[in-house]
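The values are calculated or read from the model by the stated rules, or taken from the named source; none is laboratory data. Fair warning: this is a prediction, and the values are worked out from it, not measured in the lab. As a convention, Cβ positions derive from the backbone with ideal geometry for all residues, glycine included, and neighbour counts pool all protein chains shown. Calculation scope for accessible area: heavy atoms of the full protein, side chains included, ligands and nucleic acids excluded. Shrake-Rupley method; radii C 1.70, N 1.55, O 1.52, S 1.80 Å.
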Amino acid sequence: MALNDAICWEVRTTGDDANSGGFKTGASGTDRSQQDAAHVTFNGTTVTATTTGISSTMTLAGYTVISGDVGNIIQISGGTNFTTGFYEITSVDTGLNNWTVDRNCSTGVGSGMTGRMGGALASINIVSNGVAVAKNKIFVKVGTYTRTATTTISGGSYWFSSGPVFVIGYNTTRGDHPTGANRPIISLSTNSGLKGILITGTAFVSNLIIDCNSLTTSTGLETGFYSFIDNVTVQEFTSNGFYNVSQGVSFIRCEAKDGTSAASYGFSLNSYAASNIECWAHNNACPGFLVVPGGTLNRCLITNNTGALSDGVRTNSSTAQITTIRNCIIHGNGRDGINRDSYCIGDQFQNNIITSNGRYGINFVGGAIPTIPFINYNAFRNNTSGAKNNMNSTTGSYSVGSWTSNDITLTADPYTNAAGDDYTLNNTGGGGAACKAAGIPGVLPGAIGTGYLDIGIFQHQDPAGGTTVNIIRRPIIVR
């Protein structure tokens, strides 16, 4: 029997992994997990518990049971015939001074129990690796969590009847959705080959910084089926920043920066149907993104990945599935802006600004000629070898030349201040002004009205109102 799916766990640098760290949402008791120290510690002698046999009910000594205990988790660490582990207090009997927990906690007559009720935990791994079940939420308070082993998240599922495990960082109050340095930091230390977070089931992970500290073959975050990663930064990785091995993973407002190995990727999307929205890969010694079948980049920023082989986006596959890259800015990378190999059927590259890359803006390499593509409404400037390569040939009965008629050749810098990472559009003629209201969609068939989408990520603000959205730093609200 597993713990209840409504349990929330608390992790703090000031906590202790011997604490119990959890409380069931909606229970009638008082949540004792959101404090540093345990509410009660059982020492096996003066503060202890007994059972009369195999039982889920224990009689306490040295502590007076109150109704507020209901819903709290206890962690049993030892005692004669007690089974170690985490248990939920489901009811109390103040007259008999009893707790009843969610399942049998002893294998016979129990005595001398040791353990704790209340108090935050000190590390994610204590509950993420098999203790937390689907739909549990693990709240992680701001601070630095130094890890000498991989933090594993398991127990979630993408099926609606189950659901993911949630790991949610916060600053001062649960749900405050911090940005920048106000997020908890998972810092790798001493060992090589570590992963900051390894998701073996399905998980929702948000509001964290993972610092790989340039350790050998370190990966920031590796994901499983249909996981959702929001507002997570990975830095100083040597293998990969983000790495997905299963389908249907979404990365929202994530950042991969300062990767130190040319053999790695900021985002390595190694399974089909991976989606990146408003992510930023920058200042890495490796390509910003690897995208394989069915992958999507939407409103992503891919800048200054400056290794000799550092393409902004490297996209390849052995199957003919569509790769979609829309409304991205691809600037200042060491080799191609987009490097496309192998099957190229149905690719859709639209509304991108591709500038100042070390070779081509878009390069179909190895003789790979796109078939039935929609590569259009892109803006190019100052790519060393030219805007496009291998894109004027005919494959079958389709000519790709006719699909690029709305591309823009920029004659001036389109950005407000690229050196300062400000890629909003300026008002310079032939630069930012040429990208405004120049994208697709314009007129939708059968619809009333016309879209005036800017090319690139950042949409200009008209005087009448609206707001400028800063990508990376505006997380999704999770309640």
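Probe radius 1.4 Å, ligands and nucleic acids left out: which of Ile322, Ile54 has the largest accessible area, and how do the rest follow?
The ranking, largest first, comes out as Ile54, Ile322.
When Cα extents along the principal axes in Å is calculated for this entry, the matching label among [x] 102, 54, 39; [y] 70, 54, 43; [z] 83, 48, 41 is [z].
Among Ile448, Ile277, the sequence by solvent-accessible area, most first, with a 1.4 Å probe is Ile448, Ile277. Annotation: per residue accessible area for region 126-168 equals 41 Å², rounded to a whole number [probe 1.4 Å, protein chains only]. Each semi-axis of the equivalent ellipsoid for region 1-42 is √(5λ) with λ an eigenvalue of the Cα gyration tensor; in descending order they amount to 18, 12, 11 Å. Helical content of the chain, expressed as a calculated mean residue ellipticity at 222 nm, amounts to 0 deg cm²/dmol (DSSP H runs of 4 or more residues, -39,500 (n - 2.57) each, divided by residue number, nearest 500). Sparse packing (at most 12 other Cβ atoms within 10 Å of the Cβ) combined with a DSSP loop state is found for the following chymotrypsin sites (Phe, Trp or Tyr not before Pro) in region 155-196: Trp159, Phe160. Counting only heavy atoms of the protein chains and using a 1.4 Å probe, Asp407 has close to 30 Å² of accessible surface. From the largest down, region 197-302 spans 28, 24, 22 angstrom on the principal axes of its Cα atoms.
Let me make sure I get this right: for region 42-116, a, b and c are the square roots of the gyration tensor eigenvalues over alpha carbons, sorted descending. Under 1.5 in a/c it's rounded, otherwise prolate if a/b > b/c, else oblate. Which is it? Taking the square roots of the gyration eigenvalues as a ≥ b ≥ c, region 42-116 is rounded. Annotation: amide H-H contacts under 5 Å for Gly110 (H modelled 1.01 Å from N, sequence separation of 5 or more, or interchain): Thr51, Thr52, Gly53. Taking the accessible area of region 173-315, probe 1.4 Å, and keeping the other protein chains in place, the carbon and sulfur fraction comes to 49%. Roughly what % of DSSP beta bridges within the chain run antiparallel, to the nearest 5? DSSP beta bridges in the chain are roughly 25 percent antiparallel. Once all protein chains are placed together, Tyr243 keeps about 60 Å² accessible to a 1.4 angstrom probe. Shown in residue order for region 311-316 are the 3J(HN,Hα) couplings computed by the Karplus curve 6.51 cos²θ - 1.76 cosθ + 1.60 at θ = phi - 60°: 6, x, 10, 10, 10, 8 Hz (x for Gly and Pro).
Rounded to the nearest 10 square angstrom, Arg32 shows an accessible area of 50 square angstrom against a 1.4 Å probe. Extents of region 206-261, largest first, come to 28, 21, 11 Å (Cα atoms, principal axes, whole angstrom).
For the chain, the relative contact order is 8 percent, taking Cα pairs closer than 8 Å that sit 6 or more residues apart in sequence and dividing their mean separation by the residue count.
Placing Asp31, Asp230, Asp102, Asp413 in order of accessible area, with the largest value first and a 1.4 Å probe, yields Asp413, Asp31, Asp102, Asp230. Quick one: with all protein chains in place, what share of the accessible area of region 1-139 is carbon or sulfur, to the nearest percent (1.4 Å probe)? The computed percentage sits at 49.
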